[in-house]
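Input: a single structure, listed below in C-alpha coordinates.
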Amino acid sequence: MKVSDNTFLGIEELIDSLDVPWDMQYNATTHSIFFTEIKGNISELDPETNKRKIIYTIPNVYHHRTLGLLGLAIHPDFKNKPYLYTCYTTKEGKNIFSELLRLRYEKGAIAETKVLLKIEGATGHNGSRLVFGKDDFLYWATGDAHSKTYAQDSTSLNGKILRMTDEGGIPSDNPIKGSYVYAWGFRNMQGLTVTSSGHIITSEHGDAIEDELNWIRPLHNYGWNKIEGYHDLPEEQEYAREHRTTEPIKSWTPVIAPAAVHYPLFNKIPEWKNSLLLGNLKDQSLRVLELDHSQTKVVNERIYLKDYYGRIRAITSDHKGNVYIATSNRDWKPQTNFPVAGDDRILRLSLIDFVPEHYQTAYEEKDLDMKSGKALYQAYCASCHGQDAKGAVGSIPSLRKTEWVKDESKFLDVVLNGLTSEIEVENVKYDQPMPAFNFLKDEEIAEITTYVRTNFGNTYSNISVGKVKDTRIKK
Ligand code: HEC
(Lines give C-alpha, C1' and ligand atoms only; values in the text may rest on other atoms or scores of the structure.)
Protein backbone atom coordinates (compact mmCIF):
# COMPACT_ATOMS: atom_id res chain seq x y z
CA MET A 1 0.00 0.00 0.00
CA LYS A 2 1.32 3.42 -0.96
CA VAL A 3 1.19 6.25 1.57
CA SER A 4 3.45 8.61 -0.37
CA ASP A 5 6.31 8.38 -2.91
CA ASN A 6 8.61 7.71 0.05
CA THR A 7 6.41 5.51 2.19
CA PHE A 8 5.03 2.09 1.40
CA LEU A 9 3.38 -0.34 3.80
CA GLY A 10 3.37 -4.10 3.56
CA ILE A 11 0.17 -5.88 4.52
CA GLU A 12 0.42 -9.37 6.02
CA GLU A 13 -2.33 -11.64 7.20
CA LEU A 14 -1.74 -12.94 10.73
CA ILE A 15 -4.81 -15.09 11.13
CA ASP A 16 -7.99 -15.85 9.17
CA SER A 17 -11.38 -17.57 9.60
CA LEU A 18 -12.34 -15.54 12.68
CA ASP A 19 -15.91 -14.83 13.64
CA VAL A 20 -16.32 -11.06 13.95
CA PRO A 21 -13.29 -9.95 15.95
CA TRP A 22 -14.81 -7.00 17.78
CA ASP A 23 -12.03 -5.45 19.81
CA MET A 24 -8.28 -5.98 19.72
CA GLN A 25 -5.56 -4.62 22.04
CA TYR A 26 -1.81 -5.00 21.87
CA ASN A 27 -0.32 -5.85 25.26
CA ALA A 28 3.19 -4.45 25.65
CA THR A 29 3.90 -6.68 28.67
CA THR A 30 3.17 -10.00 26.96
CA HIS A 31 4.07 -8.73 23.45
CA SER A 32 0.86 -10.30 22.24
CA ILE A 33 -2.49 -9.17 20.91
CA PHE A 34 -5.66 -9.90 22.86
CA PHE A 35 -8.92 -9.90 20.93
CA THR A 36 -12.61 -10.63 21.44
CA GLU A 37 -14.95 -12.37 19.01
CA ILE A 38 -18.62 -11.52 19.17
CA LYS A 39 -19.83 -14.99 20.20
CA GLY A 40 -17.78 -14.98 23.41
CA ASN A 41 -14.17 -16.02 22.84
CA ILE A 42 -11.21 -14.03 24.12
CA SER A 43 -7.96 -14.97 22.39
CA GLU A 44 -4.29 -14.20 22.64
CA LEU A 45 -2.36 -13.96 19.39
CA ASP A 46 1.42 -14.01 19.15
CA PRO A 47 2.27 -11.60 16.31
CA GLU A 48 5.68 -13.27 15.80
CA THR A 49 4.46 -16.84 15.31
CA ASN A 50 0.80 -16.07 14.45
CA LYS A 51 -0.18 -18.69 17.04
CA ARG A 52 -3.57 -18.03 18.54
CA LYS A 53 -4.86 -19.40 21.80
CA ILE A 54 -8.42 -19.03 23.04
CA ILE A 55 -7.81 -18.09 26.67
CA TYR A 56 -11.41 -17.79 27.81
CA THR A 57 -14.99 -18.17 26.62
CA ILE A 58 -17.47 -16.00 28.48
CA PRO A 59 -20.26 -18.40 29.38
CA ASN A 60 -23.24 -16.04 29.49
CA VAL A 61 -22.77 -13.94 26.33
CA TYR A 62 -26.02 -13.36 24.48
CA HIS A 63 -25.17 -13.00 20.80
CA HIS A 64 -27.79 -11.72 18.41
CA ARG A 65 -27.15 -9.26 15.56
CA THR A 66 -24.98 -6.48 17.10
CA LEU A 67 -25.22 -8.00 20.59
CA GLY A 68 -22.48 -10.18 22.01
CA LEU A 69 -18.96 -9.91 23.33
CA LEU A 70 -17.74 -6.41 22.48
CA GLY A 71 -15.09 -4.10 23.99
CA LEU A 72 -11.74 -5.00 25.54
CA ALA A 73 -9.17 -3.07 27.57
CA ILE A 74 -5.88 -4.06 29.17
CA HIS A 75 -4.76 -2.74 32.54
CA PRO A 76 -2.02 -0.11 31.96
CA ASP A 77 0.06 -1.67 34.77
CA PHE A 78 -0.35 -5.24 33.50
CA LYS A 79 2.90 -6.45 35.09
CA ASN A 80 1.54 -5.88 38.58
CA LYS A 81 -2.16 -5.99 37.80
CA PRO A 82 -2.65 -8.61 35.06
CA TYR A 83 -6.25 -7.71 34.29
CA LEU A 84 -8.32 -7.64 31.12
CA TYR A 85 -11.64 -5.81 31.04
CA THR A 86 -14.41 -6.67 28.66
CA CYS A 87 -18.08 -5.89 28.12
CA TYR A 88 -20.82 -7.95 26.53
CA THR A 89 -24.57 -8.46 26.39
CA THR A 90 -26.47 -10.97 28.49
CA LYS A 91 -30.11 -11.99 28.56
CA GLU A 92 -32.05 -13.01 31.62
CA GLY A 93 -35.62 -13.98 30.82
CA LYS A 94 -36.79 -11.12 28.61
CA ASN A 95 -34.32 -8.59 29.95
CA ILE A 96 -31.10 -7.65 28.22
CA PHE A 97 -28.08 -6.26 30.07
CA SER A 98 -24.57 -5.04 29.35
CA GLU A 99 -22.04 -6.47 31.73
CA LEU A 100 -18.54 -5.22 32.45
CA LEU A 101 -16.19 -8.03 33.49
CA ARG A 102 -12.67 -7.98 34.87
CA LEU A 103 -10.53 -11.05 34.12
CA ARG A 104 -7.26 -11.96 35.83
CA TYR A 105 -4.72 -13.36 33.38
CA GLU A 106 -2.27 -15.96 34.57
CA LYS A 107 0.12 -18.06 32.47
CA GLY A 108 -1.82 -17.86 29.25
CA ALA A 109 -5.23 -18.47 30.81
CA ILE A 110 -7.88 -16.70 32.86
CA ALA A 111 -7.65 -17.52 36.56
CA GLU A 112 -10.52 -15.47 37.93
CA THR A 113 -13.32 -13.19 36.77
CA LYS A 114 -15.42 -10.56 38.48
CA VAL A 115 -18.45 -8.60 37.22
CA LEU A 116 -17.74 -4.94 37.95
CA LEU A 117 -20.90 -3.33 36.66
CA LYS A 118 -24.14 -4.35 34.98
CA ILE A 119 -26.36 -1.87 33.18
CA GLU A 120 -29.53 -2.00 31.12
CA GLY A 121 -29.21 -3.30 27.57
CA ALA A 122 -31.51 -3.56 24.54
CA THR A 123 -31.87 -5.34 21.19
CA GLY A 124 -29.44 -2.76 19.76
CA HIS A 125 -27.40 0.34 20.73
CA ASN A 126 -25.39 -1.32 23.51
CA GLY A 127 -22.14 0.47 22.65
CA SER A 128 -19.49 -0.32 23.63
CA ARG A 129 -15.78 0.21 24.04
CA LEU A 130 -13.42 0.39 26.99
CA VAL A 131 -10.20 2.33 27.45
CA PHE A 132 -7.89 3.38 30.26
CA GLY A 133 -7.25 7.11 30.41
CA LYS A 134 -3.91 8.71 31.19
CA ASP A 135 -5.31 9.09 34.70
CA ASP A 136 -5.42 5.25 34.94
CA PHE A 137 -9.19 5.26 35.30
CA LEU A 138 -11.31 3.01 33.11
CA TYR A 139 -13.74 4.65 30.68
CA TRP A 140 -16.76 2.77 29.32
CA ALA A 141 -18.67 4.10 26.28
CA THR A 142 -22.25 2.83 26.66
CA GLY A 143 -25.09 2.89 24.12
CA ASP A 144 -28.47 4.56 24.62
CA ALA A 145 -30.24 1.15 24.60
CA HIS A 146 -32.71 2.47 22.00
CA SER A 147 -34.20 4.73 24.66
CA LYS A 148 -35.63 8.14 23.80
CA THR A 149 -34.69 9.62 27.18
CA TYR A 150 -31.57 7.94 28.59
CA ALA A 151 -28.91 9.84 26.63
CA GLN A 152 -30.11 13.24 27.93
CA ASP A 153 -30.77 11.92 31.45
CA SER A 154 -27.61 12.31 33.51
CA THR A 155 -28.88 9.81 36.09
CA SER A 156 -29.09 6.90 33.60
CA LEU A 157 -25.92 4.94 32.79
CA ASN A 158 -26.90 4.49 29.12
CA GLY A 159 -25.74 6.79 26.33
CA LYS A 160 -22.79 7.84 28.50
CA ILE A 161 -19.09 7.84 29.05
CA LEU A 162 -18.69 6.20 32.46
CA ARG A 163 -15.51 6.61 34.50
CA MET A 164 -14.43 4.13 37.17
CA THR A 165 -11.47 2.75 39.08
CA ASP A 166 -9.75 -0.46 37.98
CA GLU A 167 -11.81 -2.19 40.69
CA GLY A 168 -15.08 -0.87 39.30
CA GLY A 169 -15.58 1.78 41.97
CA ILE A 170 -16.67 5.40 41.50
CA PRO A 171 -13.62 7.70 41.65
CA SER A 172 -13.95 10.38 44.33
CA ASP A 173 -13.14 13.10 41.79
CA ASN A 174 -15.83 12.14 39.27
CA PRO A 175 -17.65 15.27 38.05
CA ILE A 176 -20.98 14.14 39.53
CA LYS A 177 -20.38 13.02 43.13
CA GLY A 178 -21.23 9.36 43.63
CA SER A 179 -21.96 8.73 39.93
CA TYR A 180 -20.10 6.88 37.18
CA VAL A 181 -21.37 9.43 34.65
CA TYR A 182 -18.55 11.47 33.12
CA ALA A 183 -20.15 12.80 29.92
CA TRP A 184 -23.50 12.26 28.22
CA GLY A 185 -25.70 12.70 25.15
CA PHE A 186 -24.52 9.70 23.09
CA ARG A 187 -26.35 7.36 20.75
CA ASN A 188 -24.13 4.39 20.02
CA MET A 189 -20.38 4.88 20.27
CA GLN A 190 -18.32 2.29 18.42
CA GLY A 191 -14.82 3.62 18.96
CA LEU A 192 -12.84 4.97 21.93
CA THR A 193 -9.19 5.96 22.24
CA VAL A 194 -6.78 8.22 24.09
CA THR A 195 -4.34 10.50 22.24
CA SER A 196 -0.74 11.22 23.23
CA SER A 197 -1.86 14.34 25.11
CA GLY A 198 -4.51 12.33 26.97
CA HIS A 199 -7.58 13.48 25.04
CA ILE A 200 -10.34 10.91 25.01
CA ILE A 201 -11.85 10.53 21.55
CA THR A 202 -14.96 8.58 20.53
CA SER A 203 -16.47 7.62 17.20
CA GLU A 204 -20.22 7.28 17.02
CA HIS A 205 -22.85 6.10 14.58
CA GLY A 206 -25.42 8.66 13.52
CA ASP A 207 -29.00 7.68 12.78
CA ALA A 208 -29.54 8.22 9.06
CA ILE A 209 -26.96 11.02 8.83
CA GLU A 210 -24.16 12.63 10.85
CA ASP A 211 -21.72 10.10 12.21
CA GLU A 212 -19.55 11.80 14.81
CA LEU A 213 -16.06 12.06 16.19
CA ASN A 214 -16.10 13.59 19.68
CA TRP A 215 -13.50 14.91 22.08
CA ILE A 216 -14.75 13.86 25.50
CA ARG A 217 -14.58 16.24 28.42
CA PRO A 218 -16.10 15.92 31.90
CA LEU A 219 -19.73 17.00 32.28
CA HIS A 220 -20.08 17.84 28.59
CA ASN A 221 -23.36 16.98 26.88
CA TYR A 222 -22.94 15.79 23.28
CA GLY A 223 -26.53 16.44 22.34
CA TRP A 224 -28.13 13.14 21.29
CA ASN A 225 -31.07 12.65 20.85
CA LYS A 226 -31.90 16.33 20.55
CA ILE A 227 -28.97 17.16 18.30
CA GLU A 228 -27.32 15.17 15.53
CA GLY A 229 -23.85 16.09 14.32
CA TYR A 230 -23.01 19.76 13.98
CA HIS A 231 -25.36 22.27 15.53
CA ASP A 232 -26.68 23.35 12.17
CA LEU A 233 -30.47 23.38 12.41
CA PRO A 234 -32.31 26.26 14.14
CA GLU A 235 -33.93 23.90 16.68
CA GLU A 236 -30.53 22.31 17.36
CA GLN A 237 -28.97 25.71 17.92
CA GLU A 238 -31.72 26.60 20.35
CA TYR A 239 -31.26 23.35 22.28
CA ALA A 240 -27.49 23.87 22.26
CA ARG A 241 -27.86 27.35 23.75
CA GLU A 242 -30.19 26.18 26.50
CA HIS A 243 -28.32 23.00 27.37
CA ARG A 244 -24.75 24.02 26.56
CA THR A 245 -24.10 21.01 24.35
CA THR A 246 -20.78 20.27 22.65
CA GLU A 247 -20.30 19.87 18.90
CA PRO A 248 -18.44 16.93 17.40
CA ILE A 249 -14.94 17.68 16.12
CA LYS A 250 -15.99 15.98 12.90
CA SER A 251 -19.21 14.67 11.39
CA TRP A 252 -19.89 12.57 8.28
CA THR A 253 -22.96 12.67 6.04
CA PRO A 254 -23.66 10.34 4.20
CA VAL A 255 -22.68 8.03 7.01
CA ILE A 256 -19.54 5.89 6.93
CA ALA A 257 -20.31 3.87 10.10
CA PRO A 258 -17.06 4.58 11.94
CA ALA A 259 -16.07 1.82 14.35
CA ALA A 260 -12.57 1.47 15.80
CA VAL A 261 -10.78 4.71 16.54
CA HIS A 262 -7.16 4.34 17.59
CA TYR A 263 -4.29 6.75 18.25
CA PRO A 264 -1.00 4.87 17.71
CA LEU A 265 1.45 6.13 20.32
CA PHE A 266 4.50 4.60 18.61
CA ASN A 267 3.64 5.55 15.08
CA LYS A 268 6.55 5.33 12.63
CA ILE A 269 4.70 6.27 9.46
CA PRO A 270 5.76 9.90 8.87
CA GLU A 271 2.62 10.89 6.93
CA TRP A 272 0.42 9.53 9.72
CA LYS A 273 2.05 11.49 12.57
CA ASN A 274 -0.34 12.78 15.18
CA SER A 275 -3.26 11.00 13.56
CA LEU A 276 -6.26 8.96 14.56
CA LEU A 277 -6.85 5.74 12.65
CA LEU A 278 -10.52 5.12 12.00
CA GLY A 279 -11.84 1.72 10.90
CA ASN A 280 -15.14 1.95 9.05
CA LEU A 281 -17.91 -0.55 8.52
CA LYS A 282 -20.24 0.85 5.88
CA ASP A 283 -17.45 2.76 4.15
CA GLN A 284 -15.22 -0.34 4.22
CA SER A 285 -12.09 1.73 4.69
CA LEU A 286 -9.29 2.81 6.97
CA ARG A 287 -9.35 6.59 7.37
CA VAL A 288 -6.41 8.48 8.75
CA LEU A 289 -7.45 11.67 10.52
CA GLU A 290 -4.56 14.01 11.08
CA LEU A 291 -4.96 16.17 14.18
CA ASP A 292 -3.74 19.69 14.77
CA HIS A 293 -1.14 20.48 17.38
CA SER A 294 -3.70 20.81 20.16
CA GLN A 295 -5.35 17.49 19.18
CA THR A 296 -8.74 19.14 19.11
CA LYS A 297 -9.26 19.44 15.35
CA VAL A 298 -9.02 17.17 12.34
CA VAL A 299 -6.91 18.96 9.74
CA ASN A 300 -6.64 16.26 7.09
CA GLU A 301 -8.42 13.05 6.16
CA ARG A 302 -7.00 10.28 3.99
CA ILE A 303 -8.86 7.15 2.91
CA TYR A 304 -7.11 3.80 2.47
CA LEU A 305 -8.07 0.21 1.66
CA LYS A 306 -11.48 1.35 0.40
CA ASP A 307 -13.65 -1.73 -0.33
CA TYR A 308 -10.54 -3.91 -0.28
CA TYR A 309 -10.86 -5.99 2.89
CA GLY A 310 -14.49 -5.13 3.64
CA ARG A 311 -15.73 -3.85 6.98
CA ILE A 312 -13.05 -2.80 9.47
CA ARG A 313 -14.03 -2.91 13.15
CA ALA A 314 -10.91 -3.16 15.30
CA ILE A 315 -7.50 -1.47 15.22
CA THR A 316 -4.48 -1.62 17.50
CA SER A 317 -0.74 -0.94 17.21
CA ASP A 318 2.43 -2.19 18.84
CA HIS A 319 5.54 -0.52 20.21
CA LYS A 320 7.45 -1.01 16.97
CA GLY A 321 4.92 1.07 15.09
CA ASN A 322 3.07 -1.76 13.34
CA VAL A 323 -0.66 -1.28 12.91
CA TYR A 324 -3.14 -4.16 13.15
CA ILE A 325 -6.63 -4.13 11.70
CA ALA A 326 -9.43 -6.69 11.98
CA THR A 327 -12.25 -7.18 9.47
CA SER A 328 -15.91 -7.67 10.37
CA ASN A 329 -17.42 -9.30 7.30
CA ARG A 330 -19.23 -12.07 9.14
CA ASP A 331 -21.31 -9.72 11.27
CA TRP A 332 -25.07 -9.23 10.99
CA LYS A 333 -24.85 -6.81 8.08
CA PRO A 334 -22.99 -8.53 5.24
CA GLN A 335 -22.25 -6.25 2.29
CA THR A 336 -21.99 -6.91 -1.43
CA ASN A 337 -18.95 -9.07 -2.34
CA PHE A 338 -18.30 -9.98 1.32
CA PRO A 339 -17.60 -12.15 3.26
CA VAL A 340 -14.93 -13.80 1.17
CA ALA A 341 -13.27 -17.14 1.96
CA GLY A 342 -11.03 -16.75 5.00
CA ASP A 343 -12.98 -13.85 6.54
CA ASP A 344 -12.66 -12.51 9.15
CA ARG A 345 -8.96 -11.78 9.43
CA ILE A 346 -6.37 -9.78 11.34
CA LEU A 347 -3.84 -7.95 9.17
CA ARG A 348 -0.59 -6.18 9.99
CA LEU A 349 0.43 -2.96 8.25
CA SER A 350 4.15 -2.22 8.54
CA LEU A 351 6.73 -0.02 6.86
CA ILE A 352 8.72 -1.64 4.06
CA ASP A 353 11.88 -0.22 2.52
CA PHE A 354 11.23 -1.12 -1.10
CA VAL A 355 8.62 -0.23 -3.69
CA PRO A 356 6.41 -3.28 -4.23
CA GLU A 357 5.38 -4.40 -7.70
CA HIS A 358 1.68 -3.95 -6.95
CA TYR A 359 0.20 -1.58 -4.45
CA GLN A 360 -2.95 0.31 -3.57
CA THR A 361 -3.08 4.05 -3.24
CA ALA A 362 -5.20 6.39 -1.15
CA TYR A 363 -8.78 6.69 -2.30
CA GLU A 364 -9.92 10.03 -3.68
CA GLU A 365 -13.43 10.77 -2.54
CA LYS A 366 -15.44 11.91 -5.52
CA ASP A 367 -18.06 14.55 -5.12
CA LEU A 368 -21.14 12.42 -5.29
CA ASP A 369 -23.66 13.36 -7.91
CA MET A 370 -26.37 13.37 -5.33
CA LYS A 371 -29.15 14.03 -7.76
CA SER A 372 -29.83 10.61 -9.20
CA GLY A 373 -32.07 8.18 -7.36
CA LYS A 374 -29.36 5.56 -7.60
CA ALA A 375 -26.71 7.74 -5.89
CA LEU A 376 -29.18 8.78 -3.20
CA TYR A 377 -30.15 5.15 -2.62
CA GLN A 378 -26.45 4.21 -2.29
CA ALA A 379 -25.84 7.04 0.15
CA TYR A 380 -28.89 6.64 2.36
CA CYS A 381 -30.47 3.19 2.01
CA ALA A 382 -27.91 0.66 0.76
CA SER A 383 -25.99 0.42 4.05
CA CYS A 384 -29.03 -1.26 5.60
CA HIS A 385 -31.19 -2.65 2.82
CA GLY A 386 -28.18 -3.65 0.69
CA GLN A 387 -27.00 -2.66 -2.79
CA ASP A 388 -29.41 -5.26 -4.12
CA ALA A 389 -32.31 -4.18 -1.83
CA LYS A 390 -32.56 -7.74 -0.52
CA GLY A 391 -32.03 -6.72 3.11
CA ALA A 392 -31.07 -9.42 5.61
CA VAL A 393 -33.79 -11.84 6.70
CA GLY A 394 -34.85 -11.19 10.29
CA SER A 395 -32.86 -7.95 10.64
CA ILE A 396 -33.61 -5.63 7.70
CA PRO A 397 -36.56 -6.23 5.37
CA SER A 398 -36.22 -6.47 1.60
CA LEU A 399 -37.46 -3.68 -0.68
CA ARG A 400 -38.44 -6.09 -3.45
CA LYS A 401 -42.18 -6.16 -4.14
CA THR A 402 -43.14 -5.57 -0.51
CA GLU A 403 -46.54 -4.07 0.34
CA TRP A 404 -44.84 -0.86 1.58
CA VAL A 405 -42.92 -0.27 -1.62
CA LYS A 406 -45.97 -1.12 -3.70
CA ASP A 407 -48.28 1.29 -1.83
CA GLU A 408 -47.22 4.89 -2.67
CA SER A 409 -48.58 6.47 0.50
CA LYS A 410 -47.25 3.79 2.82
CA PHE A 411 -43.84 3.99 1.18
CA LEU A 412 -43.63 7.77 1.50
CA ASP A 413 -44.80 7.60 5.09
CA VAL A 414 -42.05 5.12 6.03
CA VAL A 415 -39.30 7.05 4.27
CA LEU A 416 -40.37 10.45 5.63
CA ASN A 417 -41.21 9.43 9.18
CA GLY A 418 -39.30 6.20 9.79
CA LEU A 419 -40.70 3.18 11.59
CA THR A 420 -40.35 2.18 15.21
CA SER A 421 -43.01 -0.47 15.65
CA GLU A 422 -42.55 -4.14 14.85
CA ILE A 423 -43.63 -5.03 11.32
CA GLU A 424 -44.04 -8.23 9.37
CA VAL A 425 -42.65 -8.43 5.85
CA GLU A 426 -43.09 -11.63 3.86
CA ASN A 427 -43.98 -13.52 7.06
CA VAL A 428 -40.84 -12.47 8.92
CA LYS A 429 -40.96 -10.09 11.89
CA TYR A 430 -38.71 -7.01 12.04
CA ASP A 431 -38.24 -4.97 15.18
CA GLN A 432 -35.26 -2.70 14.53
CA PRO A 433 -36.05 0.98 14.04
CA MET A 434 -35.85 2.53 10.58
CA PRO A 435 -34.66 6.17 10.65
CA ALA A 436 -36.76 9.05 9.28
CA PHE A 437 -35.51 10.76 6.12
CA ASN A 438 -37.59 13.94 6.40
CA PHE A 439 -34.37 15.99 6.22
CA LEU A 440 -34.10 15.16 2.50
CA LYS A 441 -35.61 17.56 -0.01
CA ASP A 442 -38.88 16.69 -1.75
CA GLU A 443 -37.00 16.17 -5.03
CA GLU A 444 -34.59 13.77 -3.35
CA ILE A 445 -37.36 11.73 -1.73
CA ALA A 446 -39.13 11.52 -5.09
CA GLU A 447 -35.91 10.35 -6.78
CA ILE A 448 -35.12 7.68 -4.19
CA THR A 449 -38.62 6.26 -3.94
CA THR A 450 -39.02 6.22 -7.72
CA TYR A 451 -35.67 4.51 -8.06
CA VAL A 452 -36.72 1.77 -5.61
CA ARG A 453 -40.13 1.38 -7.25
CA THR A 454 -38.62 0.93 -10.72
CA ASN A 455 -35.63 -1.28 -9.85
CA PHE A 456 -34.84 -4.51 -8.00
CA GLY A 457 -37.62 -6.33 -9.84
CA ASN A 458 -40.19 -3.66 -8.87
CA THR A 459 -42.34 -2.34 -11.70
CA TYR A 460 -44.42 0.34 -10.01
CA SER A 461 -45.21 3.91 -11.05
CA ASN A 462 -42.95 6.92 -10.43
CA ILE A 463 -43.51 9.08 -7.36
CA SER A 464 -43.85 12.78 -8.11
CA VAL A 465 -42.44 15.72 -6.16
CA GLY A 466 -46.03 16.91 -5.70
CA LYS A 467 -46.99 13.65 -4.01
CA VAL A 468 -44.06 14.00 -1.60
CA LYS A 469 -45.11 17.61 -0.81
CA ASP A 470 -48.70 16.53 -0.14
CA THR A 471 -47.60 13.70 2.14
CA ARG A 472 -45.44 16.10 4.14
CA ILE A 473 -48.25 18.63 4.53
CA LYS A 474 -50.72 15.98 5.76
CA LYS A 475 -48.42 15.09 8.66
C1 HEC B 1 -30.29 2.17 9.61
C2 HEC B 1 -30.83 1.16 8.73
C3 HEC B 1 -31.84 1.59 7.67
C4 HEC B 1 -31.68 2.56 6.70
C5 HEC B 1 -30.47 3.47 6.48
C6 HEC B 1 -32.88 2.50 5.90
N7 HEC B 1 -33.74 1.56 6.39
FE8 HEC B 1 -35.57 1.07 5.66
N9 HEC B 1 -35.89 -0.19 7.21
C10 HEC B 1 -34.97 -0.51 8.16
C11 HEC B 1 -35.57 -1.39 9.14
C12 HEC B 1 -34.86 -1.98 10.34
C13 HEC B 1 -36.90 -1.59 8.74
C14 HEC B 1 -37.94 -2.38 9.50
C15 HEC B 1 -38.59 -1.40 10.47
C16 HEC B 1 -39.45 -2.01 11.54
O17 HEC B 1 -39.32 -3.20 11.80
O18 HEC B 1 -40.25 -1.26 12.13
C19 HEC B 1 -37.06 -0.83 7.50
C20 HEC B 1 -38.23 -0.79 6.77
C21 HEC B 1 -38.37 -0.18 5.55
C22 HEC B 1 -39.55 -0.26 4.72
C23 HEC B 1 -40.83 -1.01 5.02
C24 HEC B 1 -40.68 -2.50 4.91
C25 HEC B 1 -40.29 -2.98 3.54
O26 HEC B 1 -39.27 -3.67 3.45
O27 HEC B 1 -40.97 -2.69 2.56
C28 HEC B 1 -39.27 0.48 3.58
C29 HEC B 1 -40.18 0.69 2.40
C30 HEC B 1 -37.94 1.04 3.73
N31 HEC B 1 -37.42 0.61 4.93
C32 HEC B 1 -37.32 1.86 2.80
C33 HEC B 1 -36.08 2.49 3.01
C34 HEC B 1 -35.51 3.48 2.12
C35 HEC B 1 -36.11 3.92 0.80
C36 HEC B 1 -34.33 3.90 2.68
C37 HEC B 1 -33.38 4.98 2.19
C38 HEC B 1 -33.98 6.30 2.05
C39 HEC B 1 -34.19 3.17 3.93
N40 HEC B 1 -35.25 2.34 4.09
C41 HEC B 1 -33.10 3.31 4.79
C42 HEC B 1 -33.67 -0.04 8.24
C43 HEC B 1 -33.13 0.97 7.46
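The values are calculated or read from the model by the stated rules, or taken from the named source; none is laboratory data. Source: prediction; values computed, not measured. Ideal geometry is used to build each Cβ from the backbone, glycine not excepted, and the neighbour counts take in all protein chains shown. We work out accessible area using only protein heavy atoms, side chains counted, and drop any ligands, DNA or RNA first. Shrake-Rupley method; radii C 1.70, N 1.55, O 1.52, S 1.80 Å.
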Among the aspartates and glutamates, which fall within straight-line cross-link reach of LYS366, defined as a Cα-Cα distance under 18 Å, with same-chain neighbours fewer than 8 residues apart omitted?
-> ASP283, GLU301, ASP307
Any idea of GLU12's accessible area? Nearest 10 Å², probe 1.4 Å.
-> 80 Å²
Could you state the number of Å between the C-alpha centres of the range 1-49 and the range 157-179?
-> 30 Å
Qualifying chymotrypsin sites (Phe, Trp or Tyr not before Pro) in the range 301-347, DSSP loop, other Cβ atoms within 10 Å at most 15 = TYR308
Could you check the simple spin-label distance between ASN427 and THR155, using points 7 Å along Cα→Cβ, in nm with one decimal?
-> 4.8 nm
Mind grabbing the accessible area of PHE411 for me, 1.4 Å probe, Å², rounded to tens?
-> 10 Å²
Two-site FRET efficiency, LYS51 against TYR308, from Cβ-Cβ distance with R₀ of 22 Å, rounded to 0.05 | 0.25
Could you sort out which of LYS226/LYS469; LYS53/LYS81; LYS81/LYS250 sit more than 29 Å apart by Cα distance in this structure?
-> LYS81/LYS250
Could you please put ASP166, ASP207, ASP307 in sequence from largest to smallest accessible area, using a 1.4 Å probe?
-> ASP307, ASP207, ASP166
Sort the following peptides by mean Cβ neighbour count (other Cβ atoms within 10 Å, averaged over residues), highest first: 461-468, 293-300.
-> 461-468, 293-300
If you take the square roots of the eigenvalues of the alpha-carbon gyration tensor of the range 2-352 and sort them as a ≥ b ≥ c, do you get rounded (a/c under 1.5), prolate (a/b over b/c) or oblate?
-> rounded
What is the gain in length, in nm to one decimal, between ASP413 and SER172 on full extension, counting 0.36 nm per residue of separation less the C-alpha to C-alpha distance?
-> 81.8 nm
What's the carbon and sulfur percent of the chain's accessible surface, probe 1.4 angstrom, rounded to a whole number?
-> 49 percent
Round to a whole angstrom and tell me the spacing of the C-alpha centers of the range 328-360 and the range 240-257.
-> 31 Å
Taking Cα pairs under 8 Å and at least six residues apart, what relative contact order does the chain come out at, in percent?
-> 12 percent
How far is the Cα center of the range 67-132 from the Cα center of the range 365-425, in Å?
-> 35 Å
